[in-house]
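What follows is a single structure, written as C-alpha coordinates, with notes after it.
The values are calculated or read from the model by the stated rules, or taken from the named source; none is laboratory data. Since we're looking at a predicted model, the values are computed, not measured. Backbone-built Cβ (ideal geometry, glycine too); neighbour counts: all protein chains shown. Accessible surface is based on the protein model in full, side chains and every heavy atom, while ligands, DNA and RNA are left aside. Shrake-Rupley method; radii C 1.70, N 1.55, O 1.52, S 1.80 Å.
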Amino acid sequence: MKLKDKLKDYKPLHWLYNLLHAKQLQHNKDAYKKYDVHKPLFDSISSKDFPDKTSRAWLDVNDSANVVSTKHSFQYFTPDVQQQLIGWSSKGFLHLNRYFSIEQVDEVNKAVDELINQKHLPITHDNKVMHGYKHSPVIKQMMQDEGLKKLLSFVLDKEVLPFQTLNFVKGSGQRAHSDSIHMTTYPLGYLIAAWIALEDIHPDSGPLFYYPGSHKLPYLLNDEFENYSTRLKLGNKQYSDYEDVTEEILSQNHFPKEVFLPKKGDVLIWHANLIHGGTPVANPLLTRKSMVVHYYAKDVIKYHEITERPSLMEEE
Ligand SMILES: O=C(O)CCC(=O)C(=O)O
(Lines give C-alpha, C1' and ligand atoms only; values in the text may rest on other atoms or scores of the structure.)
Protein backbone atom coordinates (compact mmCIF):
# COMPACT_ATOMS: atom_id res chain seq x y z
CA MET A 1 0.00 0.00 0.00
CA LYS A 2 1.26 3.49 -0.87
CA LEU A 3 2.15 5.86 2.00
CA LYS A 4 -0.60 8.29 0.88
CA ASP A 5 -3.23 5.54 1.20
CA LYS A 6 -1.93 4.49 4.63
CA LEU A 7 -2.07 8.08 5.92
CA LYS A 8 -5.73 8.37 4.84
CA ASP A 9 -6.64 6.08 7.73
CA TYR A 10 -5.43 8.52 10.40
CA LYS A 11 -8.22 10.67 11.72
CA PRO A 12 -6.13 13.70 12.81
CA LEU A 13 -5.42 14.35 9.13
CA HIS A 14 -9.16 14.42 8.48
CA TRP A 15 -9.64 16.85 11.36
CA LEU A 16 -7.09 19.17 9.84
CA TYR A 17 -8.75 18.96 6.43
CA ASN A 18 -12.15 19.54 8.01
CA LEU A 19 -10.90 22.59 9.87
CA LEU A 20 -9.74 24.04 6.56
CA HIS A 21 -13.30 23.51 5.24
CA ALA A 22 -15.08 24.66 8.38
CA LYS A 23 -17.74 26.66 6.54
CA GLN A 24 -18.88 23.57 4.65
CA LEU A 25 -19.53 21.79 7.95
CA GLN A 26 -21.92 24.39 9.37
CA HIS A 27 -24.91 22.45 7.99
CA ASN A 28 -24.46 19.94 10.86
CA LYS A 29 -24.50 22.55 13.62
CA ASP A 30 -28.22 22.65 14.45
CA ALA A 31 -28.61 18.90 14.08
CA TYR A 32 -25.72 18.24 16.54
CA LYS A 33 -27.59 20.39 19.05
CA LYS A 34 -30.91 18.72 18.32
CA TYR A 35 -29.49 15.20 18.70
CA ASP A 36 -27.17 15.95 21.63
CA VAL A 37 -23.89 15.34 19.85
CA HIS A 38 -21.20 16.96 21.95
CA LYS A 39 -18.33 17.04 19.47
CA PRO A 40 -16.77 19.81 17.43
CA LEU A 41 -18.03 19.92 13.85
CA PHE A 42 -14.58 19.03 12.47
CA ASP A 43 -14.30 15.82 14.51
CA SER A 44 -14.91 12.32 13.13
CA ILE A 45 -18.46 11.03 13.39
CA SER A 46 -19.97 7.60 12.78
CA SER A 47 -22.74 5.24 13.87
CA LYS A 48 -20.71 4.66 17.07
CA ASP A 49 -22.00 8.08 18.11
CA PHE A 50 -25.58 6.94 17.50
CA PRO A 51 -26.42 3.60 19.08
CA ASP A 52 -30.03 3.87 17.81
CA LYS A 53 -30.04 2.45 14.28
CA THR A 54 -33.68 2.84 13.30
CA SER A 55 -35.00 5.15 10.63
CA ARG A 56 -37.45 7.80 11.71
CA ALA A 57 -38.43 8.91 8.22
CA TRP A 58 -42.23 9.16 8.23
CA LEU A 59 -42.73 6.66 5.40
CA ASP A 60 -40.49 4.15 7.20
CA VAL A 61 -42.27 4.58 10.53
CA ASN A 62 -45.70 4.57 8.82
CA ASP A 63 -46.91 2.68 5.77
CA SER A 64 -47.21 5.06 2.81
CA ALA A 65 -50.35 3.18 1.72
CA ASN A 66 -52.09 4.53 4.84
CA VAL A 67 -50.62 7.98 5.24
CA VAL A 68 -49.56 9.73 2.01
CA SER A 69 -53.08 10.77 1.03
CA THR A 70 -53.57 12.48 4.41
CA LYS A 71 -51.05 15.15 3.49
CA HIS A 72 -52.43 18.25 1.82
CA SER A 73 -49.78 18.45 -0.91
CA PHE A 74 -50.50 14.87 -2.08
CA GLN A 75 -53.32 16.21 -4.28
CA TYR A 76 -50.85 18.18 -6.43
CA PHE A 77 -49.09 15.08 -7.81
CA THR A 78 -50.28 13.31 -10.96
CA PRO A 79 -52.43 10.16 -10.47
CA ASP A 80 -49.46 8.02 -11.57
CA VAL A 81 -47.11 9.59 -9.01
CA GLN A 82 -49.80 9.40 -6.31
CA GLN A 83 -50.15 5.69 -6.98
CA GLN A 84 -46.39 5.19 -6.74
CA LEU A 85 -46.17 7.25 -3.54
CA ILE A 86 -48.72 4.89 -2.03
CA GLY A 87 -46.31 2.02 -2.79
CA TRP A 88 -43.14 3.77 -1.54
CA SER A 89 -42.96 1.98 1.83
CA SER A 90 -43.17 -1.45 0.23
CA LYS A 91 -41.06 -0.84 -2.90
CA GLY A 92 -38.54 1.88 -1.99
CA PHE A 93 -38.47 3.56 -5.41
CA LEU A 94 -40.48 5.72 -7.82
CA HIS A 95 -40.22 5.84 -11.61
CA LEU A 96 -41.10 9.09 -13.38
CA ASN A 97 -41.75 8.65 -17.11
CA ARG A 98 -40.29 11.32 -19.41
CA TYR A 99 -39.90 13.74 -16.51
CA PHE A 100 -37.24 15.89 -18.21
CA SER A 101 -37.76 17.07 -21.80
CA ILE A 102 -35.49 15.91 -24.65
CA GLU A 103 -34.24 19.53 -24.95
CA GLN A 104 -33.26 19.73 -21.25
CA VAL A 105 -31.45 16.42 -21.49
CA ASP A 106 -29.64 17.39 -24.70
CA GLU A 107 -28.37 20.56 -23.03
CA VAL A 108 -27.01 18.53 -20.10
CA ASN A 109 -25.30 16.08 -22.48
CA LYS A 110 -23.68 18.99 -24.29
CA ALA A 111 -22.51 20.46 -20.99
CA VAL A 112 -21.02 17.11 -19.88
CA ASP A 113 -19.14 16.77 -23.20
CA GLU A 114 -17.77 20.27 -22.74
CA LEU A 115 -16.68 19.56 -19.18
CA ILE A 116 -14.79 16.47 -20.27
CA ASN A 117 -13.28 17.84 -23.49
CA GLN A 118 -12.66 21.50 -22.74
CA LYS A 119 -12.40 21.82 -18.97
CA HIS A 120 -10.68 18.45 -18.67
CA LEU A 121 -12.76 17.39 -15.72
CA PRO A 122 -11.51 13.89 -14.90
CA ILE A 123 -13.65 10.79 -15.34
CA THR A 124 -13.17 8.52 -12.31
CA HIS A 125 -12.31 4.81 -12.53
CA ASP A 126 -16.00 3.93 -12.42
CA ASN A 127 -16.75 6.23 -15.34
CA LYS A 128 -18.27 9.26 -13.69
CA VAL A 129 -17.74 13.00 -13.65
CA MET A 130 -18.15 14.24 -10.08
CA HIS A 131 -19.79 17.53 -9.07
CA GLY A 132 -20.44 18.72 -12.64
CA TYR A 133 -22.96 21.19 -11.22
CA LYS A 134 -20.11 23.29 -9.84
CA HIS A 135 -18.93 23.96 -13.39
CA SER A 136 -22.15 23.97 -15.41
CA PRO A 137 -25.31 26.06 -14.83
CA VAL A 138 -27.28 23.61 -16.97
CA ILE A 139 -26.37 20.65 -14.74
CA LYS A 140 -27.07 22.78 -11.68
CA GLN A 141 -30.51 23.67 -13.03
CA MET A 142 -31.41 20.00 -13.45
CA MET A 143 -30.14 19.23 -9.94
CA GLN A 144 -32.22 22.10 -8.52
CA ASP A 145 -35.39 21.20 -10.43
CA GLU A 146 -38.23 22.51 -8.26
CA GLY A 147 -40.76 19.81 -9.13
CA LEU A 148 -38.28 17.08 -8.29
CA LYS A 149 -37.30 18.72 -5.01
CA LYS A 150 -40.99 19.09 -4.04
CA LEU A 151 -41.55 15.40 -4.63
CA LEU A 152 -38.40 14.38 -2.70
CA SER A 153 -39.32 16.71 0.16
CA PHE A 154 -42.75 15.13 0.25
CA VAL A 155 -41.24 11.65 0.51
CA LEU A 156 -38.92 12.66 3.36
CA ASP A 157 -41.30 15.21 4.86
CA LYS A 158 -38.34 17.55 5.12
CA GLU A 159 -36.73 20.13 2.89
CA VAL A 160 -34.03 18.51 0.73
CA LEU A 161 -30.59 19.87 -0.21
CA PRO A 162 -28.63 18.51 -3.17
CA PHE A 163 -25.28 17.11 -2.04
CA GLN A 164 -23.62 15.98 -5.27
CA THR A 165 -24.08 15.24 -8.95
CA LEU A 166 -22.52 12.28 -10.75
CA ASN A 167 -22.58 12.19 -14.55
CA PHE A 168 -21.94 8.84 -16.20
CA VAL A 169 -21.03 8.41 -19.85
CA LYS A 170 -20.60 4.62 -19.63
CA GLY A 171 -22.00 2.05 -17.19
CA SER A 172 -20.46 2.06 -13.71
CA GLY A 173 -20.38 -1.72 -13.17
CA GLN A 174 -20.67 -0.83 -9.49
CA ARG A 175 -21.42 -3.71 -7.14
CA ALA A 176 -24.61 -3.80 -5.06
CA HIS A 177 -24.69 -1.25 -2.24
CA SER A 178 -26.93 1.08 -0.27
CA ASP A 179 -26.18 4.79 -0.47
CA SER A 180 -26.40 4.94 3.31
CA ILE A 181 -22.85 3.62 3.57
CA HIS A 182 -21.57 6.57 1.48
CA MET A 183 -23.95 9.29 2.60
CA THR A 184 -25.12 8.39 6.07
CA THR A 185 -27.59 10.36 8.14
CA TYR A 186 -28.69 10.51 11.71
CA PRO A 187 -31.51 9.75 12.07
CA LEU A 188 -31.16 7.14 9.34
CA GLY A 189 -33.25 7.27 6.17
CA TYR A 190 -32.81 10.94 5.31
CA LEU A 191 -30.97 10.61 2.03
CA ILE A 192 -32.75 10.23 -1.30
CA ALA A 193 -31.38 9.83 -4.83
CA ALA A 194 -32.60 10.68 -8.32
CA TRP A 195 -31.12 8.80 -11.32
CA ILE A 196 -31.84 10.60 -14.60
CA ALA A 197 -31.61 8.82 -17.98
CA LEU A 198 -29.78 11.09 -20.40
CA GLU A 199 -30.45 8.72 -23.32
CA ASP A 200 -32.54 5.59 -23.98
CA ILE A 201 -30.67 2.94 -22.01
CA HIS A 202 -29.52 -0.16 -23.90
CA PRO A 203 -29.54 -3.53 -22.09
CA ASP A 204 -25.87 -4.13 -23.05
CA SER A 205 -24.62 -0.75 -21.82
CA GLY A 206 -24.47 -1.73 -18.12
CA PRO A 207 -27.88 -0.52 -16.92
CA LEU A 208 -28.66 0.24 -13.31
CA PHE A 209 -30.11 -2.60 -11.24
CA TYR A 210 -31.97 -2.51 -7.94
CA TYR A 211 -33.84 -4.78 -5.56
CA PRO A 212 -37.38 -3.57 -4.79
CA GLY A 213 -38.13 -3.93 -1.07
CA SER A 214 -34.44 -4.21 -0.08
CA HIS A 215 -34.64 -0.81 1.65
CA LYS A 216 -36.38 -2.62 4.51
CA LEU A 217 -33.22 -4.60 5.34
CA PRO A 218 -31.36 -3.39 8.45
CA TYR A 219 -28.88 -0.63 7.63
CA LEU A 220 -25.43 -2.13 7.16
CA LEU A 221 -22.98 0.16 8.93
CA ASN A 222 -19.41 -0.22 10.28
CA ASP A 223 -20.23 -2.64 13.12
CA GLU A 224 -22.12 -4.95 10.77
CA PHE A 225 -18.99 -5.63 8.70
CA GLU A 226 -16.64 -5.53 11.68
CA ASN A 227 -15.03 -2.27 10.69
CA TYR A 228 -13.90 -1.10 14.11
CA SER A 229 -12.09 2.21 14.42
CA THR A 230 -10.15 3.71 17.33
CA ARG A 231 -10.05 7.34 18.45
CA LEU A 232 -7.17 8.04 16.08
CA LYS A 233 -7.44 5.48 13.30
CA LEU A 234 -10.14 4.10 10.98
CA GLY A 235 -11.07 0.41 10.98
CA ASN A 236 -9.11 -2.08 8.88
CA LYS A 237 -11.90 -3.14 6.54
CA GLN A 238 -12.08 -2.08 2.92
CA TYR A 239 -15.11 -0.96 0.93
CA SER A 240 -14.97 -4.33 -0.87
CA ASP A 241 -15.58 -6.03 2.51
CA TYR A 242 -18.80 -4.01 2.80
CA GLU A 243 -19.76 -5.09 -0.75
CA ASP A 244 -19.05 -8.76 0.07
CA VAL A 245 -21.31 -8.63 3.13
CA THR A 246 -24.04 -6.86 1.14
CA GLU A 247 -23.94 -9.60 -1.51
CA GLU A 248 -24.06 -12.25 1.17
CA ILE A 249 -27.15 -10.65 2.73
CA LEU A 250 -28.81 -10.36 -0.68
CA SER A 251 -28.17 -14.03 -1.40
CA GLN A 252 -29.95 -14.94 1.85
CA ASN A 253 -32.98 -12.74 1.19
CA HIS A 254 -34.07 -13.47 -2.42
CA PHE A 255 -35.32 -10.03 -3.40
CA PRO A 256 -36.31 -9.89 -7.09
CA LYS A 257 -33.71 -8.02 -9.15
CA GLU A 258 -34.92 -5.31 -11.54
CA VAL A 259 -32.81 -3.93 -14.36
CA PHE A 260 -33.70 -0.35 -15.23
CA LEU A 261 -34.13 0.27 -18.98
CA PRO A 262 -35.51 3.79 -19.05
CA LYS A 263 -36.17 6.18 -21.90
CA LYS A 264 -34.35 9.49 -22.24
CA GLY A 265 -35.69 11.93 -19.61
CA ASP A 266 -37.02 9.23 -17.23
CA VAL A 267 -36.08 9.46 -13.55
CA LEU A 268 -35.73 6.78 -10.89
CA ILE A 269 -35.93 7.94 -7.28
CA TRP A 270 -34.70 5.57 -4.60
CA HIS A 271 -34.79 5.20 -0.84
CA ALA A 272 -31.66 5.81 1.27
CA ASN A 273 -31.32 2.07 1.90
CA LEU A 274 -32.44 0.57 -1.44
CA ILE A 275 -29.76 -1.84 -2.66
CA HIS A 276 -28.66 -1.02 -6.22
CA GLY A 277 -25.65 -0.90 -8.54
CA GLY A 278 -24.58 -1.08 -12.18
CA THR A 279 -24.81 -4.33 -14.20
CA PRO A 280 -21.59 -5.32 -15.99
CA VAL A 281 -21.14 -3.56 -19.34
CA ALA A 282 -21.75 -6.22 -22.03
CA ASN A 283 -20.78 -3.94 -24.94
CA PRO A 284 -18.05 -1.43 -24.05
CA LEU A 285 -18.73 0.53 -27.26
CA LEU A 286 -22.11 1.62 -25.94
CA THR A 287 -22.63 4.75 -23.88
CA ARG A 288 -24.95 4.84 -20.85
CA LYS A 289 -25.46 8.54 -20.30
CA SER A 290 -27.05 9.26 -16.96
CA MET A 291 -26.91 11.66 -14.07
CA VAL A 292 -27.41 10.92 -10.37
CA VAL A 293 -28.20 13.54 -7.78
CA HIS A 294 -28.03 12.65 -4.09
CA TYR A 295 -30.09 14.84 -1.78
CA TYR A 296 -29.94 15.03 2.00
CA ALA A 297 -32.73 16.25 4.24
CA LYS A 298 -31.69 19.64 5.54
CA ASP A 299 -31.91 19.27 9.30
CA VAL A 300 -30.19 15.93 9.94
CA ILE A 301 -26.58 14.90 10.64
CA LYS A 302 -24.80 14.09 7.36
CA TYR A 303 -21.58 12.10 7.11
CA HIS A 304 -19.67 9.21 5.51
CA GLU A 305 -19.82 6.10 7.67
CA ILE A 306 -16.64 4.27 6.58
CA THR A 307 -14.27 7.22 6.78
CA GLU A 308 -16.26 8.84 9.62
CA ARG A 309 -16.00 12.18 7.86
CA PRO A 310 -18.80 14.74 8.16
CA SER A 311 -20.11 15.62 4.69
CA LEU A 312 -18.89 18.85 3.17
CA MET A 313 -21.85 20.78 1.81
CA GLU A 314 -21.69 23.80 -0.45
CA GLU A 315 -22.90 26.86 1.41
CA GLU A 316 -26.56 27.64 0.84
O1 LIG B 1 -25.50 4.47 -12.17
C2 LIG B 1 -24.93 3.50 -11.69
O3 LIG B 1 -24.50 2.57 -12.38
C4 LIG B 1 -24.72 3.40 -10.20
C5 LIG B 1 -25.08 4.66 -9.51
C6 LIG B 1 -25.02 4.51 -8.04
O7 LIG B 1 -24.87 3.45 -7.52
C8 LIG B 1 -25.20 5.68 -7.17
O9 LIG B 1 -25.17 6.80 -7.66
O10 LIG B 1 -25.38 5.49 -5.96
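Assorted remarks:
- Per-residue 3J(HN,Hα) values for the stretch 211-216, derived from phi via the Karplus relation 6.51 cos²θ - 1.76 cosθ + 1.60 with θ = phi - 60°, read 10, x, x, 5, 5, 7 Hz in sequence order (x marks Gly and Pro).
- 13 Å beta-carbon shell around Val67, net charge (K/R +1, D/E -1): -2
- Histogrammed with a bin width of 20 Å, the alpha carbon distances of the chain distribute as 31, 62, 7 percent, first bin at zero.
- When all protein chains stay in place and ligands, DNA and RNA are ignored, the 1.4 Å accessible-area order of Arg288, Arg231, largest first, is Arg231, Arg288.
- Mean Cα-pair separation over length for the chain, i.e. relative contact order, pairs under 8 Å, 6 or more apart, %: 30 percent
- Spin-label model, Ala282 to Gln82: label points 7 Å out along the Cα-to-beta-carbon direction sit 3.9 nm apart.
- FRET efficiency estimate (nearest 0.05) - Cβ-Cβ, His125 to Glu146, R0 51 angstrom: 0.90
- Only Cα sites of the stretch 210-316 enter the Debye sum here, all with the same form factor; the resulting log10 I(q)/I(0) across q = 0.12, 0.13, 0.17, 0.21 1/Å is -0.59, -0.69, -1.11, -1.34, listed in q order.
- Under 15 Å from the Cα of Lys264 - aspartates and glutamates, other chains or at least 8 residues apart: Glu103, Asp106, Glu107, Glu199, Asp200
- Prolate/oblate/rounded label for the stretch 24-75 (Cα gyration tensor, a/c 1.5): prolate
- Reciprocal of mean inverse Cα separation for the stretch 137-230 (Kirkwood radius, Å): 15.9 Å
- Computed from point charges on the beta carbon alone (+1 for Lys and Arg, -1 for Asp and Glu), the dipole magnitude for the chain about its Cα centre is near 680 Debye.
- Calculated mean residue ellipticity at 222 nm for the chain: -7500 deg cm²/dmol, from DSSP H runs with n ≥ 4 weighted as -39500 (n - 2.57), summed, divided by the residue count and rounded to 500.
- Whole-number percent relative contact order across the stretch 170-260, with pairs defined as alpha carbons under 8 Å at least 6 apart: 37 percent
- Percent carbon-and-sulfur accessible area, the chain, ignoring ligands, DNA and RNA, probe 1.4 Å: 54 percent
- When the Cα convex hull of the stretch 44-146 is projected onto planes of every orientation, the mean area is 10.3 nm².
- Here is the list for the stretch 69-134: trypsin sites (Lys or Arg not before Pro) lying in DSSP coil, each with at most 15 other C-beta atoms within 10 angstrom of its C-beta, are Lys71, Arg98, Lys119.
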